[in-house]
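Here's the structure we're looking at; comments come further down.
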Amino acid sequence: MSEALITVLDWVAILCIFAGAALSLVAGAGLLRFPDLLSRMHTAAKPQVLGLLLVLVGIGIRLIPVETDVFSVGTLFLVGFFQMLTIPVAGHIVTRVAYRTERIDSGTMVRDEMAEHIEARRAADKNR
Amino acid sequence: MSDPRQKRPLGLTALRRRLGKVQLPVALGMTLVWMLLFKGFQPRWESLGLLVLGFLVSVLIMLLFPLPPITPGLRFRPLHMIRLAAYVFREMALASIQVTIMTFRPEPVRNSMVAVPMRTESDLMMVFTAIATSIIPGTVIAEAERTERILYVHVLGADTEEAMEEGRRGVRKLEEGFVMALGTREDIAALRAGGVEKLGRGEKT
């Protein structure tokens, strides 16, 4: 591979990793800034997915000129895949537990259709 | 459904019954993961052994921990899949920027819990939609109501009816994307038929 191409790839990789790191930083800041559990869940799970993917892409680009075996890129792919699969589950469980144990700060909530729905069903049960 | 603990056939019969439960696509998927983990895609002789070993391990796992089959399965449509992937990644990038802005705004963020009725009857489509919704910043699944087919989505920064409607539309677009890319013909028919909101504005019992 030519010298110039490697330099370009290096810079692309650096940009990817930097953007990913910046997103993770935003996630950290969000954890501190947001007031209640549910909005914190967003930053705990989300910018990080894209951040992690960007970092993985950056590492992948960096690896291509250095070594040719598929192992490293394959492993990166696995990491990304399982993260995308498991992060929503973790977020969902935390949210669900918080909701069931009524640890939701309703002050930041403008409209809660879930609570309305549960309320409506309870009323219907009572009338039966 | 009979209780499996009551009458359990022994020996060969049991083994044969278990073997019948092995799902080939799932086993192949596990073999693929195995190959990725063990550097299996290099052109060398050991790779062949790895492939066989990986497949045997996958079958063994499915013998020990049998799972019910995924019905009705998937229909893969590559073109729609590419379109869906492009949509998801674009949304991820855009929504990341939005969430970043929201994070650093001085006033406190206000949110809403939005109910999104699903248009298809397929559990699989519901799971896919839920995962994709959770991956895109700004929306997180709080509860999946399986019997009534409603996803409850927590939308960050949705403080008006329009913003809530926007969040709902996003989830419905994702559902449409997955049904078009992976759904069966019945799913697509259900999607086309149902533009109908099962849940109105929260006042339906």
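Some observations on this one:
- In the stretch B:154-169, the residue that is surrounded by the most Cβ atoms within 10 Å (Cβ to Cβ) out of those that are touching a helix residue (DSSP H, G or I) at 6+ places or on another chain (Cβ under 6 Å) and at the interface with chain A (Cβ under 9 Å from one of its Cβ atoms) is B:154.
- Per the conditions (1) outside the structural domain of residue B:36 (by TED's automatic domain parsing); (2) over 16 Å from the mean Cα position of the chain (by Cα), the sole criterion not satisfied by residue B:49 is (1).
- Condition met for residue B:93 (more than 30 Å from residue A:117 (Cα to Cα), within 13 Å of chain A (Cβ to nearest Cβ) and either in contact with a Leu (Cβ under 9 Å, 6 or more places away or on another chain) or small (Gly, Ala, Ser) (or both)): yes
- When the residues of the stretch B:137-153 are filtered to those that are assigned to a loop (DSSP other than H, G, I, E, B) and facing chain A (nearest Cβ under 7 Å), the one that is nearest to residue A:102 (Cα to Cα) is B:138.
- Residue within the stretch B:115-129 that is out of contact with any Asp or Glu (no Cβ under 6 Å at 6 or more places or on another chain), of a type outside the set (Lys, Arg) and within 8 Å of chain A (Cβ to nearest Cβ) present: no
- Residue match in the stretch B:39-52 (condition: among the hydrophobic types (A, V, I, L, M, F, W, C) and touching a Phe, Trp or Tyr at 6+ places or on another chain (Cβ under 6 Å)): yes
The values are calculated or read from the model by the stated rules, or taken from the named source; none is laboratory data. Here the structure is a predicted model, which means the values were calculated and not measured. Here Cβ is always computed from backbone atoms with ideal geometry, including for glycine, and neighbour counts include all displayed protein chains.
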